[in-house]
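The structure appears right after this line, and notes come after that.
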Amino acid sequence: MPNLLVLQNSANLETSVSRRLVATFVEAYVKRHPDAEIVHRDLARNPLPHLSPSLAAALLPGQGAATPDLGSADILTEELEAADIIVIGAPFYNFTIPSTLKAWLDHVVRVGRTFAYVDGAPRGLLPPGKKVIAFVASGGAYGDGPASAMDFATPYLRFIFGFMGVTDIEIVRAEWQAVPERGASSAQAATERARNLAAQIGTAIPPYQQPDGSIPRRSGLAASL
Ligand SMILES: Cc1cc2nc3c(=O)[nH]c(=O)nc-3n(C[C@H](O)[C@H](O)[C@H](O)COP(=O)(O)O)c2cc1C
């Protein structure tokens, strides 16, 4: 059964475009896959704290207490490890992702757990087969042309998930939300894309299985660190 991890981030609880796109995708997906297990994290309504000095130390091997209390970082990382599809609502704030999403990343991008350096090169440690779908809503448009140089959101999302081993990343943009006559058609196209994705990906992501049939939670490399 597919697992979805849904991360909402818009601080606009009434008319958010990214929230609506996430909801459209999830609703359409669940209609086709009623057995889907969904973990919802509303990181705007219930923001995670910034890293505290003790948690930051605990996340680095050898620097924290002998038995560090990783608390929510472990829970959040387990949710990510278990997810087949990570659905993200990402309002474009000040040219990048919301700080709520960055705080979540600061809890799950973890050396020896979700990434490692092997012979000086980074290696993602998340189990293979995951897909990220990010619905990015912006006031202007950054998808192409010179303005794309001001998009510090989607290149970062692609990079940071790739760093953890997730390279299947779909970005769905709803642009021009500050310009109603242009924003409506972009949001409409994004809504159709959300429905199409829900129809297409369904069973295309079987859970990754090892030859013995088990589903890995952590790679051997991670376990050895
Ligand atoms: C604090 C803040 C910063 C924003 N910064 C930008 C920006 O840098 N570029 C842009 O095009 N739109 C910016 N916007 C507009 C939002 O991206 C736009 O309203 C978008 O629809 C927000 O997503 P949502 O509808 O899901 O809340 C900003 C909005 C807010 C509230």
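One table, with the values for the structure above:
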read-out: Residue with peak Gaussian network fluctuation, the chain [Cα springs, cutoff 10 Å], from R19, R173, R110; value: R110
read-out: Point-to-point label distance, R158-R45, nm (Cα→Cβ direction, 7 Å offset); value: 3.3 nm
read-out: Fluctuation leader among A90, A153, A28 - the chain, Gaussian network, Cα springs under 10 angstrom; value: A28
read-out: The range 87-126: radius of gyration over Cα atoms, expressed as a fraction of 2.2 N^0.38 Å; value: 1.46
read-out: Cβ-based net charge around P61, under 14 Å, with every Lys or Arg adding one and every Asp or Glu removing one; value: +2
read-out: Cβ-defined net charge surrounding S10, 12 Å radius [Lys, Arg +1; Asp, Glu -1]; value: +1
read-out: Which of P49, I88, V118, positive extreme of dipole for the range 3-224 (C-beta unit charges); value: I88
read-out: Label point distance in nm, N196-E170, each placed 7 Å from Cα along Cα→Cβ; value: 1.0 nm
read-out: Rounded to 10°, Cα long-axis angle of helix 17-32 versus longest principal axis of the chain; value: 70 degrees
read-out: Cα-centred dipole magnitude for the range 82-159, charges only on beta-carbon of K, R (+1) and D, E (-1), debye, nearest 20; value: 260 debye
read-out: Solvent-accessible heavy-atom area per residue, rounded to whole Å², over the chain at 1.4 Å; value: 50 Å²
read-out: The chain: angle of helix 180-201 to the longest principal axis, Cα-based, in degrees nearest 10; value: 50 degrees
read-out: A11 versus E181: modelled label distance in nm, points set 7 Å from Cα along the beta carbon direction; value: 3.0 nm
read-out: Electrostatic dipole magnitude of the range 3-224 [Cβ: Lys, Arg +1; Asp, Glu -1; Cα centre; debye, to 20]; value: 140 debye
read-out: Principal-axis tilt of helix 99-108 within the chain, Cα atoms, nearest 10 degrees; value: 30 degrees
read-out: Convex hull volume of the range 3-224 per residue (C-alpha atoms, cubic angstrom); value: 142 Å³
read-out: Against the rule of thumb 2.2 N^0.38 Å, how large the Cα Rg of the range 1-120 comes out; value: 1.18
read-out: Contour minus Cα-Cα distance for F95 and K31 (0.36 nm per residue); value: 19.6 nm
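The values are calculated or read from the model by the stated rules, or taken from the named source; none is laboratory data. Quick caveat, the model's predicted, so the values are computed rather than measured. Note: ideal-geometry Cβ built from the backbone for every residue, glycine included; neighbour counts use all protein chains shown. These accessible areas exclude ligands, DNA and RNA; they are computed on the full protein's heavy atoms, side chains included. Shrake-Rupley method; radii C 1.70, N 1.55, O 1.52, S 1.80 Å.
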